[in-house]
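Undergrad: Below: one structure in structure tokens.
Readers should treat all values here as calculations from the given coordinates under stated rules, not as data from a laboratory. Note that the structure is predicted; figures quoted are calculated from it, not measured. Methodologically, a virtual Cβ is constructed for each residue, glycine included, from the backbone with ideal geometry; neighbour enumeration extends over all protein chains shown.
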Amino acid sequence: MALKPVIGKLVSKRVVLASASPRRQEILANVGLRFEVVPSWFKETLEKSSFAVPYEYAIETAKQKALEVANRMHLKHLRTPDIVIGADTIVTVGKQILEKPVDKQDAYKMLSSLSGKEHSVFTGVAIVHCSSKDNRLETEVTDFYEETKVKFAELSEELLWEYIHSGEPMDKAGGYGIQALGGMLVEYVHGDFLNVVGFPLNHFCKKLAELYYPPLKHTIQHVKHDSIPSVETFENLSDGESDSSNPMQHKSANKLERNGVPLSGAIHTPVNSGSIQPVCTVAVENQSGVMEYPAKFPSKIVELMDGFRASKALFVASKLKVFDLLKDKCILKPVDVANKIEASVCGTERLLDACASLGLLEKTHQGYSNTDSANTYLVSDREYSLHGYIIHSNDRLWHLFTHLEVAVKEGTMQTHQAFGKETEDLFQDSSYHSVEAKQRFMTAMHSIAKLTARDVATAFDLSQFRSVCDLGGCTGVLAHELVQKNPNLNVTVFDLPDVIANVSCFQPSGQHITPVAFTAGDFFKDNLPEADLYILSLILHDLNDEKIHILLSKISAICKPGSALLLAEIVLDEEKTHPPRAVLQSLSMTEGKQRSGSEYKQLLEKYGFTNVQIKITGNVLDAILGFKKTSAH
Ligand SMILES: O=c1[nH]cc([C@@H]2O[C@H](COP(=O)(O)OP(=O)(O)OP(=O)(O)O)[C@@H](O)[C@H]2O)c(=O)[nH]1
């Protein structure tokens with residue numbers, strides 16, 4: 001079992017750990033898994049006697065913990081996770097099942113029942129794959145358990161009570177923590193130590209490997225069979241690179257098989273974010289009359305090779321407002337769409353089919369309509385619309401990236417080549433830039449902020465702060481989210497005069513909206529408003545070291561001890577290869593760079609911020625919080 005690839009399969013997925021256990025969080029974080037923590041509200045009250053064996057109880061509890069979180073996230077937060085992981089640890093001795101002690105007496109009872117004996121520790125784990133269909137949550141559960149045997153030494157009354165008074169037993173199954181003081185009570189452990197601590201990591205990785213690297217059904221050679229055409233799926237021929245090897249997708253592909261043999265014709269297999277494409281791989285007969293399959297279809301590479309076509313189809317459909325036309329269950333024929341968008345019928349039909357193949361539209365004999373995710377994210381006036389950012393990608397980033405080769409050779413940004421006279425910063429020289437270009441940029445930032453603000457605003461408990469200044473806070477999306485979550489906060493958005501002059505059309509309306517203050521200024525040149533929390537969202541990655549020095553020195557100087565600085569950026573892993581979105585953004589060759597968690601920590605510490613905490617949100621932006629040193633530091 002290779003170490004990284006299994007965990008790497010989850011990199012592009014929104015993974016949620018449905019557990020409040022700090023040990024589980026640590027075990028999974030230590031192997032580089034990126035996940036959000038959403039503790040389960042499921043009460044561990046299943047009737048133990050209704051389970052034939054104790055581990056079934058642990059598995060069912062783990063499953064219920066994970067499903068509760070998946071349902072809650074789906075219903076309440078408009079955020080269906082891809083994977084939710086739940087776990088439950090129990091101890092069994094004789095016929096008894098021990099969970100966490102409710103009080104010291106209970107801990108005493110538990111520990112004395114374990115004294116001098118061997119017991120079993122079971123952890124049940126549920127891996128729930130989620131998807132949303134017609135706004136309904138669909139789940140696919142994989143579960144397993146692991147057993148470890150532990151033998152306790154004889155425990156004297158004195159030792160028992162000393163241990164209980166340490167406080168350690170209270171939140172631990174069986175009333176002890178093998179990883180700490182409780183380790184002193186243990187004579188031997190047979191099996192996985194981490195399973196006792198709360199999470200059977202080894203078994204978990206094996207399960208992931210089973211799910212994401214299923215054994216190849218045809219390992220190259222097959223005896224020729226005349227009546228069954230030789231076909232294969234993308235997954236089974238995959239070189240193992242593909243991120244789209246979703247186990248739920250495997251299931252649907254498998255439905256097309258009979259007795260493990262693919263049915264005739266092309267097998268449908270998902271590629272390219274939900275699209276369904278027929279794949280037919282031709283087997284070749286070798287000299288001995290044995291059919292050989294071409295080894296390892298490079299599915300990931302093919303997907304990347306074609307990626308630009310998919311992006312451009314999305315951009316053009318968005319620009320022509322196709323998703324606006326088809327919103328709210330509207331079904332139109334190509335000719336009607338073509339008339340409305342003033343385009344050719346044949347071109348429109350091809351574009352609509354392309355969008356349907358990418359999972360953005362649904363095609364029936366009545367015509368084309370939006371999928372749920374197109375309705376939510378692609379219709380231009382929807383709350384969480386990405387339309388603004390898509391138009392920015394088409395009108396600006398696309399042109400920049402057509403100059404990538406030169407950009408790489410020269411190591412410079414290609415704004416001049418792509419846009420003629422424009423300066424690097426749209427807002428720096430107003431004479432060059434149309435109001436339209438600035439509005440477009442603000443709309444793009446607004447749509448990304450809409451998507452990320454909630455996770456950034458709730459990444460840390462900010463209730464200790466009274467005033468916040470969001471430097472470069474643009475249209476104030478994060479500011480509004482902060483006030484909504486912390487009604488006592490006074491929040492000011494500080495941004496360039498040209499930005500502030502245009503923010504009014506982006507403001508939320510309604511009587512319950514708490515106002516946010518907008519102040520015009522340049523954070524490099526002007527005095528900063530006073531606040532006890534400063535925010536820099538998507539700012540630092542674009543600045544060179546000199547500008548960062550000016551800005552962070554200024555913030556550090558104005559911050560009183562105990563004040564803090566919150567950064568919202570994509571945090572790279574320590575190898576700087578994940579997440580790909582951040583790595584690819586670097587290719588724009590801005591003068592800044594993307595950073596890893598330890599680099600952000602170092603940077604903040606350099607400017608006098610300590611106790612730096614990093615929260616990988618699972619969203620597009622992560623959050624980093626540092627506190628200005630008190631004089632005692
Ligand atoms: O040696 C150790 N044994 C057990 C633990 C910890 O005990 C708990 C087990 O409780 P449970 O499985 O119900 O999980 P919770 O903590 O309640 O968190 P959930 O939110 O996931 O329900 C678990 O924390 C183990 O880590 C230990 O630390 N050492």
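Undergrad: Might you report the magnitude of the Cβ-based charge dipole of the range 561-612 about its Cα centre, with Lys and Arg at +1 and Asp and Glu at -1, to the nearest 20 debye?
TA: Values: 6 positive and 7 negative charges, 16 e Å.
In total the dipole reaches around 80 debye.
Undergrad: Neighbouring Cβ atoms within 10 Å as the yardstick, rank Ser115, Ser40, Ser434 fewest first.
TA: Numbers: Ser115 15, Ser40 25, Ser434 10.
With the sparsest Cβ surroundings first, the list reads Ser434, Ser115, Ser40.
Undergrad: While we're looking at this one, here's another question. For the range 522-557, state which trypsin sites (Lys or Arg not before Pro) are in a DSSP loop and have at most 16 other beta carbons lying within 10 Å of their beta carbon.
TA: Loop-located and lightly packed - Lys525.
Undergrad: Which order do the peptides 585-591, 575-581, 348-354 come out in when sorted by mean C-beta neighbours inside 10 angstrom, highest first?
TA: Working: 585-591: 15.6, 575-581: 13.6, 348-354: 19.4.
Packing proxy ranking, top to bottom: 348-354, 585-591, 575-581.
Undergrad: May I ask you to compute the full-extension gain from Gln96 to Asp336, defined as 0.36 nm times their residue separation minus their alpha-carbon distance, rounded to one decimal in nm? Don't jump to the answer; show the numbers that get you there.
TA: Details: separation 240, 0.36 × 240 = 86.40 nm, distance 6.93 nm.
Using 0.36 nm per residue and subtracting the Cα-Cα distance, I get 79.5 nm.
Undergrad: Compare the peptides 394-406, 469-481, 156-168 by average per-residue count of other Cβ atoms within 10 angstrom and give them in order, highest first. Don't jump to the answer; show the numbers that get you there.
TA: Details: 394-406: 15.8, 469-481: 25.4, 156-168: 14.2.
Answer by packing, highest mean first, reads 469-481, 394-406, 156-168.
Undergrad: Explain nothing, just the number: dipole magnitude of the range 520-575 about its Cα centre with +1 on each Lys and Arg Cβ and -1 on each Asp and Glu Cβ, in debye rounded to the nearest 20. Could the numbers behind the result be given before it?
TA: Numbers: 4 positive and 11 negative charges, 81 e Å.
Approximately 380 debye in magnitude.
Undergrad: Along the charge dipole of the range 313-469, which of Trp398, Ile331, Ser463 sits closest to the positive end, that is, farthest toward it, with unit charges on the beta carbon of Lys, Arg, Asp and Glu (+1, +1, -1, -1)?
TA: Ile331
Undergrad: How big is the dipole moment of the range 295-388 about its Cα centre under a simple scheme where the beta carbon of each Lys and Arg is +1, that of each Asp and Glu is -1, and everything else is neutral? Debye, nearest 20, please. Show your work: numbers first, answer last.
TA: Working: 13 positive and 12 negative charges, 52 e Å.
Result for the range 295-388 is approximately 260 debye, rounded to the nearest 20.
Undergrad: Contour minus end-to-end for Tyr384 and Lys409, with contour as 0.36 nm per residue of separation and end-to-end as the Cα-Cα distance?
TA: Numbers: separation 25, 0.36 × 25 = 9.00 nm, distance 3.76 nm.
That works out to 5.2 nm of additional length.
Undergrad: Based on other C-beta atoms within 10 Å, arrange Lys43, Lys601, Lys48 from fewest to most.
TA: Details: Lys43 10, Lys601 19, Lys48 15.
By the 10 Å Cβ count, ascending: Lys43, Lys48, Lys601.
Undergrad: Oh, and also: Which whole-Hz ³J(HN,Hα) couplings does the range 46-56 yield from phi under the Karplus relation 6.51 cos²θ - 1.76 cosθ + 1.60, θ = phi - 60°, glycine and proline marked x?
TA: 5, 6, 4, 5, 7, 9, 5, 9, x, 5, 5
Undergrad: I've got another one for you. Could you tally up the Lys pairs in the range 294-382 with alpha carbons closer than 21 Å? Skip any pair fewer than 8 positions apart unless they're on separate chains.
TA: 20
Undergrad: Further, regarding this structure: Just list whichever of Lys172/Lys206; Lys43/Lys207; Lys43/Lys172; Lys9/Lys450; Lys48/Lys100; Lys438/Lys593 have alpha carbons separated by over 20 Å in the model shown.
TA: Working: Lys172/Lys206 26 Å; Lys43/Lys207 26 Å; Lys43/Lys172 16 Å; Lys9/Lys450 27 Å; Lys48/Lys100 15 Å; Lys438/Lys593 23 Å.
Table pairs above 20 Å Cα-Cα are Lys172/Lys206; Lys43/Lys207; Lys9/Lys450; Lys438/Lys593.
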